[in-house]
Amino acid sequence: MALDAQWSAVARGYRFALILAFLLGAAAVVASTLTGYALAGMFICVGLGLGGWNSRRLWTDTEKLVDGSKTPGEKWRGPAATASAKRLGLITLIAFLVALAYRPLGWTVFIGLLVFQVVLMASVAKPLSRVVRVHS
């Protein structure tokens, strides 16, 4: 299978993860509203949104770093690590601020982040492993 087709499979998995996260967020809002904790569902959606934003930024940052503009052998790990640290630091700060400002239900934002990461990994792990296997 060509490398472009394998990356296409990764992109399909990514889109599936976004759709599934949206559906899980809607289910969380409905379930938490029915149980009397509507804010919990909203904060789960905030966590899912932060996870989606993080994954989108990761995707675009990766495209910038490996777009072929670097000469062979040139290191790009430094800028990648810096970009990741800034992005994850911002997401963590936002999540903690929400959790602290809306105690006790604000902590459910971390549930949304966790759920998004699990859904994303489950959706892209297999196609991404093929890309890594072929590319290495």
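Derivation of every value follows stated rules applied to the coordinates shown; laboratory data play no part. None of these values were measured; they are calculated from a predicted model. Positions of Cβ are backbone-derived with ideal geometry, glycine not excepted, and every protein chain shown enters the neighbour counts.
How compact and how long is the range 13-52, expressed as Rg and Dmax of its alpha-carbon atoms in Å?
10.3, 34
Residue by residue through the range 44-52, what is 3J(HN,Hα) from phi via Karplus (6.51 cos²θ - 1.76 cosθ + 1.60, θ = phi - 60°)? Round to whole Hz and write x for glycine and proline.
The phi angles translate into 4, 5, 4, x, 4, x, 5, x, x Hz.
Please list 98-105, 19-26 highest first by mean number of surrounding beta-carbon atoms within 10 Å per residue.
The most tightly packed comes first, giving 19-26, 98-105.
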